[in-house]
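Nothing in this text is a laboratory measurement; each read-out follows from the coordinates by a stated rule. This is a predicted model, so every value here is computed, not measured. Virtual Cβ from ideal backbone geometry, glycine too; neighbours counted across all protein chains shown.
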Amino acid sequence: MNYIAVVTTVGNLAEAQHMARTLVEQKLAACAQISEIESFYVWNNAVQNEPEFRVLCKTTDENYQAIEEAIRKLHSYELPAIHAFALKHIYAPYAAWIESNSSGKGV
């Protein structure tokens, strides 16, 4: 089994909380963490600087397509950042917890 962290950013805390709760309730993610961040990016040919909230979800590689689809449905951005990185080294009991809590079979 391969474990991943899926990351997206949203513009406000309420959206981040709703997304995190929904993904965990749907068992697409075992855990979702929210961090307040500051982002610099180019949009409409100009550099933007905005506060955002990062939502980091721990799940399995096999759930990536389903969690990406769910994030796209929940997201308010025209072009949401959605990406994942592998959790290469992971404590085995924690990995088992992720696997058992991200089955894709909601609560």
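Here are the numbers for the structure shown:
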quantity	calculated
Candidates Pro80, Pro93, Pro51: whichever shows maximal mean-square fluctuation once the chain is modelled as a Gaussian network with Cα springs under 10 Å	Pro93
Under 5 Å, built H, 5+ apart or other chain: amide partners of Leu28	Gly104
Cα-based reach from Lys88 at 27 Å (exclusive), listing lysines while leaving out same-chain residues under 8 positions away	Lys27, Lys58, Lys105
Highest-MSF residue in the chain out of Val47, Val24, Val55 [GNM, Cα springs under 10 Å]	Val47
Integer Hz, Karplus 6.51/-1.76/1.60 couplings in order for the range 15-25, x for Gly and Pro	5, 4, 5, 4, 5, 4, 4, 4, 5, 6, 4
Residue of Asn49, Asn63, Asn12 that the Gaussian network model of the chain assigns the largest fluctuation, springs spanning Cα pairs under 10 Å	Asn49
For mean projected area of the Cα convex hull in nm², calculated from these coordinates, the label among (i) 6.4; (ii) 9.1; (iii) 6.9	(iii)
Neighbour-limited loop hits for trypsin sites (Lys or Arg not before Pro), the range 1-101 (at most 13 other Cβ within 10 Å; DSSP other than H, G, I, E, B)	Lys88
Degrees between helix 92-101 axis and first principal axis of the chain (Cα, 0 to 90, nearest 10)	80 degrees
Mean Cβ neighbour count within 10 Å, used as a protection proxy, ranking 1-10, 30-39 highest first	1-10, 30-39
Integer Hz, Karplus 6.51/-1.76/1.60 couplings in order for the range 59-72, x for Gly and Pro	7, 10, 4, 5, 8, 4, 4, 5, 6, 4, 4, 5, 4, 4
Low-density loop positions, GluC sites (Glu not before Pro), the range 52-107 - DSSP coil, at most 12 other Cβ in 10 Å	Glu78
Expected 222 nm ellipticity per residue - DSSP helices of 4 or more, -39500 (n - 2.57), all of the chain, to 500	-9500 deg cm²/dmol
